[in-house]
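The values are calculated or read from the model by the stated rules, or taken from the named source; none is laboratory data. In this text, all values refer to a predicted model and were calculated from it rather than measured experimentally. Every residue, glycine as well, gets a Cβ built from its backbone with ideal geometry; the counts of neighbours run over all protein chains shown.
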Amino acid sequence: MCGIFAYVGMRPAVNVIVTGLKKLEYRGYDSIGISTINQSLHTFKCVGKVSELEEKISDEKLTGKLGIGHTRWATHGEPNELNAHPHLDKDNKIALVHNGIIENYKELRAELQKEGFVFRSQTDSEVIIHLVAKYYAASNNMEQAFVGAIQHLEGTYAICLVSEFDPKKIYATRKGSPLIVGVGDKESIVSSDIAPILKYTKNIIYLDEDEYAIITDTQTIVKDFHGKIRPKEVVKSSINVEDVEKGQYDFYMMKEIHEQPYSIIQTIQDRCDVEAGTVTLRYINISPGQMLGMNRIVITACGTSLHAGLVGEFYLEKFAQMPVEIEYAAEFRYRNPIIDSKTLVIAISQSGETADTLAAVAEAKSKGAKVIAICNVAGSTITREADGVIYTKAGLEIGVASTKAFTAQVTGLYMFAIYLARLKYLMSKETASHYLRQIFELPALIKEVFVDEDHIFNIANKYYKSDHFLYLGRGIGFPVALEGALKMKEISYIHAEGYSAAEMKHGPIALIDENLPVVVIALKGRSYEKILSNISEVKARKGMVIAIATKGDRAIAQLVDDVIYIPDTEEELTGILAVIPLQLLAYYAAVLRGCHVDQPRNLAKSVTVE
Ligand code: AGP
């Protein structure tokens with residue numbers, strides 16, 4: 001995904017936009033651009049990060065009080081200045097930024113080229129600016145030109161446009177990509193997400209689809225595409241500015257790792273009543289009768305969210321005795337899955353904007369299934385597409401590598417499984433109270449893991465130069481291994497593979513030698529003895545073993561090279577607790593390797609394209 005930011009008000013737009021783009025860089029950061037207007041339009045773009053653009057414009061006297069900016073994650077056209085946004089009309093008097101995919105851009109480009117329009121870039125986005133220019137030439141009215149151009153677009157978009165012909169206004173619209181307006185005091189801000197707006201105002205207008213906004217410093221008018229004004233509510237955001245600052249941390253990821261005790265509490269409180277043994281989920285919008293009619297569950301997601309689903313599978317099968325299938329969203333949507341009105345689909349997405357997961361939701365609904373989204377972003381697309389929502393209340397997650405959202409997602413699945421078990425009379429009040437008490441005790445256990453951070457740093461320091469890691473786990477330790485491996489590879493760029501420890505002897509054991517660190521989830525529980533024999537198999541082949549073990553287990557320390565202990569808890573909750581040291585291990589390895597932890601190469605916070 002890309003980041004869009006626009007400003008109109010009393011401040012020099014360039015300063016506000018550069019600051020805003022820095023807050024949006026996690027969305028995409030292979031190229032950057034800005035346009036401001038002070039009588040005439042001035043546009044600057046470059047490959048790389050916002051700091052490089054800042055350098056490039058440092059001697060420019062940009063005094064305009066209105067402008068737009070863009071951070072790009074390339075989809076069509078490589079990262080270079082020509083493909084960077086804003087895109088301009090041929091006379092450089094209209095500028096436009098876009099996030100999303102214009103699916104019919106090839107046809108539009110061909111038609112426009114036939115009409116004599118010359119394209120400078122390889123992007124899909126550029127077709128929009130030439131459509132606007134075409135309609136403006138015919139109408140001499142920027143609003144009509146904007147509306148006329150948008151009608152041709154198929155696909156997803158969030159768009160902001162400014163022009164010398166209408167120098168006090170920002171035009172904005174969205175479909176399938178988020179865009180929100182901050183209503184300040186004699187200033188307005190438009191952004192892809194709320195983080196950069198909070199510095200100026202907490203008064204928010206959420207743009208919906210099939211409408212557009214005309215934004216000035218003192219007014220935001222929203223209309224449908226027939227020109228009818230749509231009254232919009234101004235919502236006061238509950239998110240505080242400090243929620244979007246790094247504070248004393250070097251990277252957002254470390255801040256978010258440390259927020260997990262708090263985010264789990266936020267996710268469970270006012271929903272779980274330990275004494276009563278009940279879970280209340282207000283927005284699932286599926287009646288108890290309908291829920292009891294479900295005969296299977298399909299969980300679909302991508303990446304870390306899929307790993308949360310793999311942990312949740314254990315809960316739903318054990319507590320609610322429901323058959324569960326886990327589906328990669330990108331595969332699910334193309335496989336003509338056998339689902340019907342008795343299938344409950346749970347779609348997990350931190351951002352609520354992941355294209356593959358949104359498409360899986362659409363596929364599920366087209367086949368009559370009920371869909372519950374587990375999501376961290378209120379107002380995101382998935383929360384509107386699903387029948388019901390279980391909000392994770394992890395707060396803004398800015399680090400590209402998901403941490404607190406993951407543990408909140410697993411917490412949501414844990415709560416839902418208990419809710420379902422109680423609904424089906426499969427779990428007594430006492431048993432539910434017991435399991436709910438355990439989740440309330442989890443935040444304190446996570447804090448105990450933080451006490452061991454120096455030890456985890458030392459282990460990272462010992463192994464960060466390795467070219468490969470293998471992560472092994474059994475049972476609920478298997479998705480933990482997958483998630484630990486994903487964290488390591490996506491921020492340190494070390495090849496890391498998560499594998500079922502039981503499966504190792506069917507192939508991966510050939511990888512074992514004295515150069516391969518093997519992280520093993522070796523917690524007390526049903527598969528402990530078997531995991532010890534897996535460790536022996538690794539040691540017999542000179543592999544190095546880093547064990548994640550249960551506090552108090554002295555014996556394991558004799559068998560392995562390094563141990564990271566975590567407090568004892570219910571086996572089910574190790575699906576959360578055991579991931580914490582793996583998040584820290586990956587973080588420190590990445591820092592030691594000089595990687596940009598919050599903005600890993602090639603990645604973006606949410607993949608809003610296929
Ligand atoms: C997780 O660390 C990654 N950034 C990535 O796998 C992510 O989980 C995946 O893209 C799904 O994103 P979503 O939860 O916003 O749908």
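Just a few scattered comments:
- The condition of being within 16 Å of the ligand (Cβ to nearest atom), over 20 Å from ALA421 (Cβ atoms) and at pLDDT 95 or above holds for ALA301.
- Note on the range 82-160: enclosed helices (runs of 4 or more DSSP H) holding 3 or more residues that are in contact (Cβ under 8 Å) with a residue 24 or more places away in the chain and closer than 19 Å to ILE68 by Cα are 126-139, 142-150.
- Test: TYR425 is on the phi > 0 side of the Ramachandran plot and at pLDDT 95 or above: yes
- Candidate set: the range 338-373, residues that are of a type in the set (Gly, Ala, Ser) and within 14 Å of the ligand (Cβ to nearest atom); chosen: the one modelled with the lowest pLDDT: ALA355
- Close pairs from the range 248-273: first more than 12 Å from PHE450 (Cβ to Cβ), partner among the acidic types (Asp, Glu) and part of a helix (DSSP H, G or I), Cβ under 9 Å, at least 6 apart: TYR249/GLU256; SER263/GLU256
- Identity of the residue in the range 174-189, surrounded by fewer than 24 Cβ atoms within 10 Å (Cβ to Cβ), of a type outside the set (Lys, Arg) and part of a strand (DSSP E or B), that ends up modelled with the highest pLDDT: VAL183
- Test: residue in the range 480-496 that is at pLDDT below 95 and touching a helix residue (DSSP H, G or I) at 6+ places or on another chain (Cβ under 9 Å): no
- Subset of the range 323-350 [of a type in the set (S, T, N, Q) and more than 20 Å from PHE406 (Cβ to Cβ)]: ASN336, SER341, THR343
Yes/no matrix, rows are residues, columns are (1) buried (at least 24 other Cβ atoms within 10 Å of the Cβ); (2) farther than 28 Å from GLU259 by Cβ; (3) of a type in the set (Gly, Ala, Ser):
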{"position": "GLY525", "(1), (2), (3)": "no, no, yes"}
{"position": "SER533", "(1), (2), (3)": "no, yes, yes"}
{"position": "SER536", "(1), (2), (3)": "no, yes, yes"}
{"position": "LYS542", "(1), (2), (3)": "no, yes, no"}
{"position": "ALA555", "(1), (2), (3)": "no, yes, yes"}
{"position": "GLU572", "(1), (2), (3)": "no, no, no"}
{"position": "LEU582", "(1), (2), (3)": "yes, no, no"}
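- Qualifying residue in the range 312-320 (condition: on the phi < 0 side of the Ramachandran plot, within 16 Å of the ligand (Cβ to nearest atom) and in a helix (DSSP H, G or I)): yes
- Test for ALA378: is it away from the ligand (no atom under 12 Å from the Cβ), without any contact (Cβ under 8 Å) to a residue 60 or more places away in the chain, at negative phi and assigned to a helix (DSSP H, G or I): no
- Pairs where the first residue, in the range 588-605, is over 16 Å from GLY48 (Cβ atoms) and the second is surrounded by fewer than 20 Cβ atoms within 10 Å (Cβ to Cβ) and of a type in the set (S, T, N, Q), C-beta under 7 Å, 6+ apart: LEU592/ASN461
- Residues of the range 399-426 classified as away from the ligand (no atom under 16 Å from the Cβ), assigned to a helix (DSSP H, G or I) and out of contact with any helix residue (DSSP H, G or I) (no Cβ under 7 Å at 6 or more places or on another chain), total: 2
- Residues located in the range 317-353, provided they are buried (at least 24 other Cβ atoms within 10 Å of the Cβ) and either over 14 Å from the mean Cα position of the chain (by Cα) or among the β-branched types (Val, Ile, Thr) (or both): ALA329, PHE332, LEU344, VAL345, ILE346, ILE348
- Among the conditions (1) away from the ligand (no atom under 14 Å from the Cβ); (2) on the phi > 0 side of the Ramachandran plot, the only one that ARG335 does not satisfy is (2).
- Check on GLY475, in contact (Cβ under 8 Å) with a residue 40 or more places away in the chain and within 16 Å of the ligand (Cβ to nearest atom): no
- Taking the criterion of being aliphatic (A, V, I, L, M) and either under 17 Å from THR201 (Cα atoms) or in contact with a Lys or Arg (Cβ under 8 Å, 6 or more places away or on another chain) (or both), the residues of the range 38-53 that qualify are LEU41, VAL50, LEU53.
- Scanning the range 58-83 for residues that are touching a Lys or Arg at 6+ places or on another chain (Cβ under 8 Å), within 22 Å of ASN38 (Cα to Cα) and of a type in the set (A, V, I, L, M, F, W, C) turns up just one, LEU66.
- All of (1) within 30 Å of THR381 (Cα to Cα); (2) more than 24 Å from the chain's Cα centre (by Cα) hold for VAL50 with one exception: (2).
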